[in-house]
Amino acid sequence: MNENYYLKVENLSKEIKNARILNNINLNLNKGKIYGFRGKNGSGKTMLFRALCGLIKPTEGRV
């Protein structure tokens, strides 16, 4: 398996006011690929993108 990822997310979790918004997210994104995220309203997509961009600090895990 290729370990040279453009972006690697390990066990990413985020809690706000004792509510877990993201729970142990793991992603390996390769350079040159296009990815999309789908989900229901309020499922945490925006929170995930904010964490990926460094706009919020995860409660656990790392990007």
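The values are calculated or read from the model by the stated rules, or taken from the named source; none is laboratory data. A quick note: this is a predicted structure, and the numbers were derived from the prediction, not measured. Reconstructed Cβ throughout: ideal geometry from the backbone, glycine too, with neighbour counts over all protein chains shown.
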For N23, work out the one condition from (1) more than 18 Å from R62 (Cβ to Cβ); (2) of a type in the set (S, T, N, Q); (3) at pLDDT 95 or above it doesn't fulfil.
-> (1)
Among the residues of region 26-36, how many are more than 17 Å from S13 (Cα to Cα) and either touching a strand residue (DSSP E or B) at 6+ places or on another chain (Cβ under 8 Å) or surrounded by 10 or more Cβ atoms within 10 Å (Cβ to Cβ) (or both)?
-> 3
From I25, I21, grab the single residue that is in contact with a Leu (Cβ under 8 Å, 6 or more places away or on another chain), assigned to a strand (DSSP E or B) and without any contact (Cβ under 8 Å) to a residue 40 or more places away in the chain.
-> I25
